[in-house]
Amino acid sequence: MVLWIPCWNLKLQAWVTYLSRARAATIPSFLVAVLIPLHSRSKINSTRTVIMNSFRKDTCWATAVRWLAGASTLLYVFSRFIPCTPPDYRPLIDVSWSLALHAAFDRHLQFGRDIVFSYGPWGFLASGYYPPTHLISVIAWMLLSLIFWRAGWQVARHLSGNPLVSWLWLIGFTGIASMPVGADIDVRLIAWMLLLLFLHFFVEEGPCTPTQTLLVVSLGLLSLVKFNGFMETVIVVAIIAADNICRHRHFPWIVPLLAASLLCFWIAAGQHLGSLGLFFLNSWRITSGYTEAMMLAGENDIQDIGCFLLMATLLCTLIGYVAWLRHRFFGMLPLLGLIAILFISFKHGYVRHDWHEITAVMGLSLASLAGLAIAWPVLKQPVRLASLPLLVVVLVFASSTLGRWFSQEELPEQLVRTLDISRVLAPIKLLYEPGYLRKAYETSLADVRDKFPIPPMDGEGDIYPWNQAVLFAHGLRYHARPMMQSYFATTPELAELNAAYLRSDRAASNLLFRIEPIDHRFPSLEDGRSWPELLTRYDIKNANETLGACVLLSRSAVPREYHLTPLQRTSVHFGEPVNPPSATNGPIWAEIEMGKSLIGTAVSTLYKPPVLVLTVSIRTGEQFDFRLVPAMARSGFLLSPVIGDATSFAWLASTDGQARLAGQEVMSMTISARTQSGSTICYQSPIQLRFYRLDYPRQDFNGVDGGAGGKVN
């Protein structure tokens with residue numbers, strides 16, 4: 001027995017020494033230090049000293065690694081969210097509404113009344129640079145980035161306690177949330193929703209934790225950036241509130257917290273409380289008319305949509321199973337939240353199946369990454385085996401989608417771009433070289449100025465249909481109409497907002513008028529209800545096509561009146577030609593009533609109906625196919641003659657323009673659906689047509705630059 005004790009001592013000392021030298025054995029070493037009183041006092045002191053020194057070293061290393069991982073991810077989040085680099089190339093139509101939103105915030109225009117758009121009073125945070133608002137953008141995104149980083153780091157640590165794994169997850173999640181480089185805010189909004197939803201149901205315990213509180217406050221701001229973000233926020237907050245009531249048996253403080261945050265940020269943006277109701281009403285009108293007005297078919301609709309729906313279904317199955325393991329029947333709540341987020345992403349990406357598809361697949365990628373973070377810690381091997389391959393497949397799909405829309409620059413290349421040292425350190429560059437963004441802004445405006453010359457004009461002005469960047473480039477004060485870009489006046493109520501504005505004293509003194517319909521719509525369809533007001537309340541001042549192919553209109557000192565004289569009312573079926581009244585005695589105004597069937601309503605809600613086509617034959621014998629938006633056609637538009645450019649519009653206003661436009665008279669028209677089968681099951685038939693003659697006083701072009709003596713080009 002005496003011999004056995006020293007041997008046992010030697011073995012224990014060897015085991016303790018091994019544990020103390022192993023960096024991964026911090027916790028076992030600590031446990032041995034606690035149990036060491038079994039030995040003699042001298043042995044205890046020497047052994048405990050070795051162990052505690054090792055424990056301190058391990059703790060220092062672990063702390064340093066955690067701080068390094070946290071600091072580097074925070075810097076990366078700053079670099080991705082704070083507007084600290086010149087914007088990448090964006091279409092001029094997007095640059096225009098971005099500049100208009102910045103100017104609206106700077107001038108405290110009232111959203112819902114002065115400005116009606118799919119973005120709110122904080123919409124300028126979505127993208128773009130504008131000197132008067134840039135500091136506010138930087139401060140706002142710095143605070144939002146801190147909240148995003150805190151919530152993202154908690155989800156990352158739930159995935160793994162290993163700092164490297166957590167670092168990789170958060171870098172990937174942040175990078176995808178900002179994809180593609182220079183894009184809009186939609187994917188970022190999805191990331192915020194996923195963080196709040198998964199934090200509440202899978203990471204944190206408690207009805208309202210500090211991190212969730214910060215996320216909800218930030219969502220009060222982001223809800224006023226873009227209206228679809230508000231809809232997603234309401235859904236997620238409602239689901240969490242239901243969980244607070246049903247499972248936690250607590251009052252849902254998250255609801256009044258969101259309401260208070262939204263009101264505070266509404267007032268902080270210089271908005272009146274009385275405008276809030278109009279903002280929600282008109283934003284909902286835009287949303288409800290979006291599908292029919294903005295839908296666009298892709299080259300591979302069935303293939304792309306099938307892939308998305310398949311992977312979304314697999315992901316929801318995985319998350320639903322994890323939610324069931326954790327919450328049983330209450331697991332339906334986070335599953336419903338995820339389905340809602342993915343459905344909104346699907347509608348955003350595939351109703352208008354162009355580069356908007358990227359939003360859908362990036363949102364799916366974010367959801368898969370978040371799904372991995374909550375599925376991997378589940379101690380069931382099949383769950384782990386399912387989550388990782390699903391993430392890989394989704395990322396491959398997202399990568400190929402990015403490659404199709406960005407010149408073969410797929411997801412890995414885009415992520416590598418975000419890790420470029422100049423981009424990562426861009427927030428720091430703002431401190432010592434703040435003028436480089438201003439220089440890039442001035443250069444871009446100079447490019448627009450060179451590309452789009454305009455007639456000389458004084459004072460403030462507006463531009464039709466959407467190119468506000470031209471006004472900013474030429475240093476003119478932008479005077480916005482409510483529907484600031486005409487293609488978004490998608491319903492009779494929205495179109496009437498602009499027409500009523502032109503009749504009011506608030507209308508702009510000068511207008512630059514161009515005809516640039518999107519998606520090959522019928523030319524006079526966009527803001528069609530405003531055309532009679534433009535022809536009678538404004539005078540043509542310059543119609544020289546060489547100056548940017550636009551017409552300059554100035555507000556008339558004495559407004560004229562117009563009249564719509566009823567001519568014909570008829571019914572017609574799809575594909576059946578109809579001959580409108582002659583335009584010999586004046587232009588023909590048309591109103592087209594076509595309702596959706598019950599099937600069409602369901603299809604529009606879940607996806608999109610077929611695109612409608614208006615085929616017109618004109619007097620010269622030519623035939624043209626144009627896109628027809630039902631709600632726009634219902635509000636009324638100029639049908640005949642076909643006005644295809646700004647010069648033709650100028651002749652429409654002139655005393656001798658009737659003869660010049662005679663060749664553009666519509667002789668017949670047909671409405672059909674753009675489908676392989678030609679099926680119109682989504683719409684009611686017959687279609688109701690109403691034709692009117694538009695009577696108004698004409699303008700003498702003598703003295704008009706580009707208009708006298710046949711000088712209109």
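Please compute the length gained on full extension between Ala659 and Ala500, using 0.36 nm multiplied by the number of residues separating them and subtracting their Cα-Cα distance.
Extending this stretch completely gives an extra 54.1 nm.
Specify whether the C-alpha gyration tensor of the stretch 391-451 places it in the rounded, prolate or oblate class, a ≥ b ≥ c being the square roots of the eigenvalues: rounded for a/c under 1.5, otherwise prolate if a/b is larger than b/c and oblate if not.
oblate
For the stretch 125-217, with all protein chains present and a 1.4 Å probe, just round the carbon and sulfur fraction of the accessible area to a whole percent.
The C+S portion of the solvent-accessible surface of the stretch 125-217 is 73 percent.
What's the local net charge at Cys84, with K and R +1, D and E -1, over the other residues with C-beta under 11 Å away?
Around Cys84, the charge tally is +2.
Tell me, how many Å apart are the Cα centres for the stretch 381-412 and for the stretch 98-155?
30 Å
Tally Lys/Arg at +1 and Asp/Glu at -1 over every other residue whose Cβ is under 11 Å from the Cβ of Ser98; what's the total?
-1
If you roll a 1.4 Å probe over the heavy atoms of the protein chains, what accessible area per residue do you get for the chain, in Å²?
Ligands and nucleic acids excluded, the result is 42 Å² per residue.
Based on alpha-carbon centroids, what's the gap between the stretch 212-226 and the stretch 616-685 in Å, whole number please?
45 Å
Scan the stretch 613-697 for chymotrypsin sites (Phe, Trp or Tyr not before Pro) in coil per DSSP, keeping those whose Cβ has at most 15 other Cβ atoms within 10 Å, and list them by number.
Within the stretch 613-697, no chymotrypsin sites (Phe, Trp or Tyr not before Pro) qualify (loop, at most 15 other Cβ atoms within 10 Å).
Taking loop as defined by DSSP and a crowding limit of 16 other beta carbons within 10 Å, which chymotrypsin sites (Phe, Trp or Tyr not before Pro) in the stretch 66-105 fit?
Filter output for the stretch 66-105: Tyr89.
Can you give the % of DSSP beta bridges in the chain that are antiparallel, to the nearest 5?
Taking every DSSP beta bridge with both residues in the chain, the antiparallel ones total about 80 percent.
Work out which helices of the chain, taken as complete DSSP H runs, extend at least 24 Å along their axis over the Cα atoms and score a mean Kyte-Doolittle of 1.0 or more, then list them.
Helix filter hits for the chain: 134-159, 227-246, 301-327, 332-350, 357-375, 381-405.
Of His563, His200, which has the most accessible area and how do the rest follow, probe 1.4 Å?
Per-residue accessible area, sorted high to low, gives His563, His200.
How high is the FRET efficiency from Arg384 to Val255, r the C-beta distance, R0 41 Å, rounded to 0.05?
0.70
Towards the positive end of the charge dipole of the chain, with charges on Cβ (+1 Lys, Arg; -1 Asp, Glu), say which of Leu430, Pro91, Ala495 has the farthest Cα.
The Cα lying farthest towards the positive end belongs to Leu430.
Only one of the values (i) 125, 56, 48; (ii) 89, 58, 57; (iii) 136, 72, 46 was calculated from this structure for Cα extents along the principal axes in Å; name its label.
(i)
On a C-alpha basis, how far is the centre of the stretch 512-545 from the centre of the stretch 455-483 in Å? Whole number, if you could?
So the separation of the two Cα centres works out to 14 Å.
Can you work out the FRET efficiency for the pair Arg417 and Leu296, with r the C-beta to C-beta distance and R0 = 30 Å, to the nearest 0.05?
Using R0 = 30 Å, I get an efficiency of 0.60.
Note the full-extension length gain between Thr443 and Ser160 as 0.36 nm times their separation in residues minus their Cα-Cα distance, in nm to one decimal.
Roughly 97.2 nm would be gained on extension.
By its C-alpha gyration tensor, with a ≥ b ≥ c as the square roots of the eigenvalues, how is the stretch 239-303 shaped: rounded for a/c under 1.5, else prolate for a/b larger than b/c, else oblate?
Note, shape of the stretch 239-303 comes out oblate.
For the stretch 178-252, rounded, prolate or oblate, judged on the Cα gyration tensor with a ≥ b ≥ c (square roots of eigenvalues), a/c < 1.5 rounded, else prolate if a/b > b/c?
Verdict is prolate for the stretch 178-252.
Rank by packing, highest mean first: peptides 272-279, 481-488, with packing defined as the count of other Cβ atoms within 10 Å averaged across residues.
Highest mean packing first, the order is 481-488, 272-279.
What's the FRET efficiency of Leu564 with Leu168 using the Cβ-Cβ distance as r and R₀ = 51 Å, to the nearest 0.05?
Computed FRET efficiency for Leu564 and Leu168 comes out at 0.20.
The values are calculated or read from the model by the stated rules, or taken from the named source; none is laboratory data. Predicted model only: the values in this text are computed from it and were never measured. Counting neighbours? That spans all protein chains shown, and the Cβs are built from the backbone with ideal geometry, glycine included. Side chains included, ligands, DNA and RNA excluded: accessible areas come from the protein's heavy atoms. Shrake-Rupley method; radii C 1.70, N 1.55, O 1.52, S 1.80 Å.
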